[in-house]
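Here's the structure we're looking at; comments come further down.
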Amino acid sequence: MSEDLSLLPAPDASQSLSHHLGRASAKVVGFLEAGLQGAANTERAYTSDLKSYVTFCEQHGFVAVPADVDTLTEYVAYLASEKIEPAPRGSRGKKKGQQPLTGPHALATIKRHLAAIRKAHQLAGHRLPATLDALNIVMEGIARTLGKRQEQAQAFTVEELKQAIRRIDLETSAGLRDRALLLLGFAGAFRRSELVDLNIEQLEFTERALLVHLAKSKTNQYGAVEDKAIFYAPNADYCPVRCLRAWLKLLDRTTGPLFVKIPRARPGQMAAPSDKRLSDISINKLVQKRLGPDYSAHSLRVSFVTVAVLNGQSHKAIKNQTKQKTDAMIERYTQLNNVVSYNAAQSLGL
């Protein structure tokens, strides 16, 4: 996040964080920077959010940092209501000053923008205004207007996943990789950031299951190792452990990134995998290619939770795999909203 400071007006030197860092020991600086870091996906989102915020302030004559309550309320109201049509195809970009908004933005996105602004103030040595009653009231109004229900990735069924696996051409490197990624991502309830960061040396094959050792995740920012257990399936075609072994055999190495990009190969030849990791965007496109445009990488995780709940698994058992901290998150992830398919009224015995 330190690079985000370049987006913002320089604060008074006596108040800036950099001023204090200049007097701190190397150890203090290291711990302070670690404390301000977060998940890679979150930091990328914050960078984008701050660009939007600074552009808004420049266009409307507001001071970005330190911000006052009026600036913040105007900005969140803008995010909740502004609509700008995307540039037509073939154009050379947006008009000068035009922001890439297609609002109204989701409530969760607006809250993330505020979190990015708060983080920028921390880095610049400022606090947000102590009295934020007006902002809280505006946010409550936005929540009532937009609705508090967050958009959720679409869940697929196990049969839909199997159908997608059957359609994959396993005579190609990409086919072997994609099959392994889909099955592992679903069986392990992985976030796409976790799949991106996985290294081969984090895998431990045992007689009962594959153990995946995660050193860090979105909900585990302190580096305590967490394990996910991936179990063998009766049918080898859909077994995440056996399919992952087939991909590892093609990789032919014991260290480095697990899921990598694959260059083009000559017709009739199997392409040799590169050593460059897939990006989170690439994984999202991979899921949509194999499962359909209605799904996303997050569908792997949402589908695990939904299927597990339907199979009668306890919240504790589900959290052992997802590493979620609360039951509320499981309720939000579970997609059992079909009033006909999932309703206790059909089991009344009438």
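Coordinate-derived values only; no laboratory data. Computed from a predicted model, the values in this text were never measured in an experiment. Cβ sites come from the backbone with ideal geometry, for glycine too, and all protein chains shown count toward neighbours.
Tabulated values for the structure
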quantity: Total formal charge among the other residues, if their Cβ is under 10 angstrom from that of ALA297, Lys/Arg +1 and Asp/Glu -1; calculated: +3
quantity: Segment 199-313: Rg to Rh, with Rh as the Kirkwood radius over Cα pairs; calculated: 0.97
quantity: Förster-model FRET efficiency, 51 Å R0, GLN122 and LEU348, C-beta, rounded to 0.05; calculated: 0.40
quantity: Segment 143-213, Cα convex hull volume normalised per residue, Å³; calculated: 162 Å³
quantity: Calculated FRET efficiency for the pair THR145/ASP227, C-beta based, R₀ 25 Å, to 0.05; calculated: 0.05
quantity: DSSP-assigned coil residues among trypsin sites (Lys or Arg not before Pro) in segment 241-340, each with at most 13 further Cβ atoms within 10 Å; calculated: ARG253, ARG264, LYS276, LYS325
